[in-house]
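The values are calculated or read from the model by the stated rules, or taken from the named source; none is laboratory data. Note that this is a predicted model, so its numbers are computed, not measured. With ideal geometry, Cβ positions are generated from the backbone for all residues, glycine too; neighbour counts draw on all protein chains shown.
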Amino acid sequence: MPRFTSAKPDSRLIPLPWDVPLAEWPAEHLVALPRGISRHVVRFIRVGTSVYAAKELIEAAAIHEYRTLQDLTRTDTPAVEPLAVVTGRTTPHGEPLDPVLITRHLEFSLPYRALFSSGVRPETVNRLLDALVVLLARLHLIGFLWLDVSLSNVLFRRDAGEFAAYLVDAETAEMHDQLTDGQRAHDLSIATTNLFGEFCDLQAGRLLDESLDPLYLVESINARYAELWSELTGAEEFPGAELYRIENRVRRLNALGFDIAELDITTAQDGSSVRIQPKVVDAGHHSRRLLRLTGLDVEENQARRLLNDLDTFRFRTNQQDTDEALVAHQWLTECFQPVVSTIPEHLRGKRDGAQIFHEVLDYRWYASQREHREVPLVEATWGYIHDVLSGLPDEALSSTAEVEEAGRRLANPYDPSQGFVDDDGEPMPEDPWETEPSSPASPTGVLDIAELRRRAAGSD
Ligand SMILES: Nc1ncnc2c1ncn2[C@@H]1O[C@H](COP(=O)(O)OP(=O)(O)OP(=O)(O)O)[C@@H](O)[C@H]1O
Ligand SMILES: [Mg+2]
């Protein structure tokens with residue numbers, strides 16, 4: 001008799017064929033979606049309108065991974081959400097089967113190979129690395145030692161002009177109260193080794209832009225991480241006359257998407273010097289603010305972009321003195337919702353609402369430049385639907401194109417680990433955002449800490 005351990009049980013899972021090894025499940029329960037290569041048998045299963053990922057693995061590992069993912073969900077750290085572990089499985093002949101860990105399929109998420117197979121610009125690779133570094137730093141801040149950092153174990157979601165990385169594989173992870181420098185360095189060295197292999201693989205498959213060198217790419221991870229870590233946790237000492245530097249530090253952290261929950265400030269007896277050190281920092285500075293104001297729950301850089309638009313709206317409608325929450329409600333009903341509700345039903349699987357809004361803003365910026373006039377939002381939305389959205393690949397859920405890679409068909413659409421059929425398929429649909437130069441209207445280089453320091457210094 002299979003046993004379900006779950007904090008949020010879904011009764012529709014119970015009648016599934018748990019007495020059959022996952023690799024042999026009939027196609028009626030499966031969905032072909034792009035995913036990373038894995039050592040375990042992993043399948044996407046559909047029950048009703050929900051899609052879950054199921055992974056078959058030994059009991060201790062399944063329970064450990066379930067609990068670890070629960071810790072991450074509780075601390076609001078980007079990771080796939082665990083749903084249940086099914087143990088006690090046996091075949092009809094009584095032979096034992098490994099348990100299955102079930103996680104919720106992360107909507108609009110992209111495994112790195114699916115991203116690369118439709119062609120990515122060199123800047124995009126940098127953005128993916130930034131997203132990975134932010135994820136790693138966030139995990140380390142809560143004492144999470146991953147021990148299996150790799151591109152295959154991360155899912156990327158579009159986040160305005162950037163990406164947000166989510167952890168997908170916590171099998172080897174350990175939760176500690178706090179990590180030592182040595183433990184963090186160990187995780188980084190695993191990241192470097194794994195990513196080097198993955199980039200070399202992409203290079204061999206001609207999926208990596210020729211200007212990019214795998215070794216240089218992975219070496220840059222260490223520098224990016226070290227800078228971010230010192231910005232998030234490092235102590236700073238300055239003369240007592242330069243107290244504005246406390247405010248500078250807070251602003252830099254906000255710009256990186258973090259809030260200081262606890263700042264340690266110590267001053268010398270005679271007040272001649274001050275030392276500050278963030279003790280607790282929380283990610284999600286912009287997304288929390290947007291959620292509070294509008295109820296929209298979106299990624300960090302999407303929130304940053306939407307808040308900028310909200311500020312512009314407030315200025316344009318001359319409501320600087322009106323309560324911010326009231327203006328936010330007006331912006332939601334007059335700007336955001338009209339754009340999102342204009343998107344025809346059949347195109348909604350291509351991007352989530354906040355991403356569409358961000359892309360419409362970009363589109364409007366280009367259209368206004370080109371036509372030397374301010375293009376209204378609704379007109380820009382129709383233009384965007386026609387010129388951009390209709391041609392984009394689906395990213396929410398299934399489309400046959402998604403389970404292909406660079407135009408090659410998978411031997412088993414449910415399992416990329418089994419390789420490709422040899423014939424030449426149709427090429428992947430092109431993503432116009434990846435073929436155009438980057439948008440000057442998008443916030444870029446969020447992780448550019450040197451630039452943040454320069455800007456903060458300039459604003460004194
Ligand atoms: N909840 C989910 N949502 C979307 N994709 C998922 C989810 N769970 C797993 N995947 C996909 O399945 C792939 C394999 O999952 P996972 O990394 O957990 O397997 P694994 O066998 O433990 O991997 P490894 O070989 O690294 O040990 C992931 O790379 C990801 O693309
Ligand atoms: Mg994995």
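Every residue in the range 276-295 that is out of contact with any strand residue (DSSP E or B) (no Cβ under 8 Å at 6 or more places or on another chain) and either under 24 Å from residue 252 (Cα atoms) or in contact (Cβ under 8 Å) with a residue 60 or more places away in the chain (or both), please. Steps first, answer last, please.
To start, the set of residues in the range 276-295 that are out of contact with any strand residue (DSSP E or B) (no Cβ under 8 Å at 6 or more places or on another chain) comprises 286-287, 289-295.
Hits for the range 276-295 are 286, 287, 289, 290, 291, 292, 293.
Could you list all residues from the range 164-210 that are within 24 Å of residue 40 (Cβ to Cβ), within 23 Å of the chain's Cα centre (by Cα) and of a type in the set (Gly, Ala, Ser)?
Across the range 164-210, the qualifying residues are 165, 170, 173, 191, 197.
Would you pick out the residues in the range 358-375 that are in a loop (DSSP other than H, G, I, E, B) and either farther than 21 Å from residue 310 by Cα or touching a residue at least 12 places away in the same chain (Cβ under 8 Å) (or both)?
First, pick out the residues of the range 358-375 that are in a loop (DSSP other than H, G, I, E, B): 372-375.
If the condition is that a residue be in a loop (DSSP other than H, G, I, E, B) and either farther than 21 Å from residue 310 by Cα or touching a residue at least 12 places away in the same chain (Cβ under 8 Å) (or both), then 372 is the only one that fits.
Those residues that are among the aliphatic types (A, V, I, L, M), more than 16 Å from ligand 1 (Cβ to nearest atom) and farther than 27 Å from residue 280 by Cα, I need them from the range 119-154; list them, please.
120, 125
Being assigned to a helix (DSSP H, G or I), of a type in the set (A, V, I, L, M), more than 30 Å from residue 279 (Cα to Cα) and within 15 Å of ligand 2 (Cβ to nearest atom) is the requirement here; does residue 202 meet it?
Numbers: assigned to a helix (DSSP H, G or I): yes; of a type in the set (A, V, I, L, M): yes; more than 30 Å from residue 279 (Cα to Cα): yes; within 15 Å of ligand 2 (Cβ to nearest atom): no.
No, not satisfied.
Would you mind telling me which numbered condition in (1) within 21 Å of residue 303 (Cα to Cα); (2) among the acidic types (Asp, Glu); (3) in a helix (DSSP H, G or I) residue 187 fails?
With (1) within 21 Å of residue 303 (Cα to Cα); (2) among the acidic types (Asp, Glu); (3) in a helix (DSSP H, G or I) applied to residue 187, the lone miss is (1).
Take the residues in the range 351-377 that are among the basic types (Lys, Arg) and touching a Phe, Trp or Tyr at 6+ places or on another chain (Cβ under 9 Å); name whichever of them is farthest from residue 393 (Cα to Cα).
Taking the range 351-377 as the starting set, the residues that turn out to be among the basic types (Lys, Arg) are 351, 364, 370, 373.
Those still in the list that are touching a Phe, Trp or Tyr at 6+ places or on another chain (Cβ under 9 Å) too: 351, 364.
Details: 351: 9, 364: 21 Å.
Among residues in the range 351-377 that are among the basic types (Lys, Arg) and touching a Phe, Trp or Tyr at 6+ places or on another chain (Cβ under 9 Å), the one farthest from residue 393 (Cα to Cα) is 364.
Can you tell me which of 110, 97, 101 is more than 16 Å from ligand 1 (Cβ to nearest atom) and either hydrophobic (A, V, I, L, M, F, W, C) or not assigned by TED's automatic domain parsing to the domain that holds residue 355 (or both)?
Numbers: 110 fails: more than 16 Å from ligand 1 (Cβ to nearest atom); 101 fails: more than 16 Å from ligand 1 (Cβ to nearest atom).
Answer to the selection: 97.
Only one residue in 27, 62 is more than 16 Å from ligand 2 (Cβ to nearest atom), among the hydrophobic types (A, V, I, L, M, F, W, C) and over 21 Å from the mean Cα position of the chain (by Cα), so which one is that? Walk me through how you get there before you give the answer.
On the way: 62 fails: more than 16 Å from ligand 2 (Cβ to nearest atom).
After ruling out the rest, the residue left standing is 27.
Could you pull out every one of the strands (runs of 3 or more DSSP E) wholly within the range 227-341 that has 1 or more residues that are among the basic types (Lys, Arg) and not assigned by TED's automatic domain parsing to the domain that holds residue 378? Break it down into steps so the answer makes sense when it comes.
Working: elements: 236-239, 258-267, 273-283.
Answer list for the range 227-341: 273-283.
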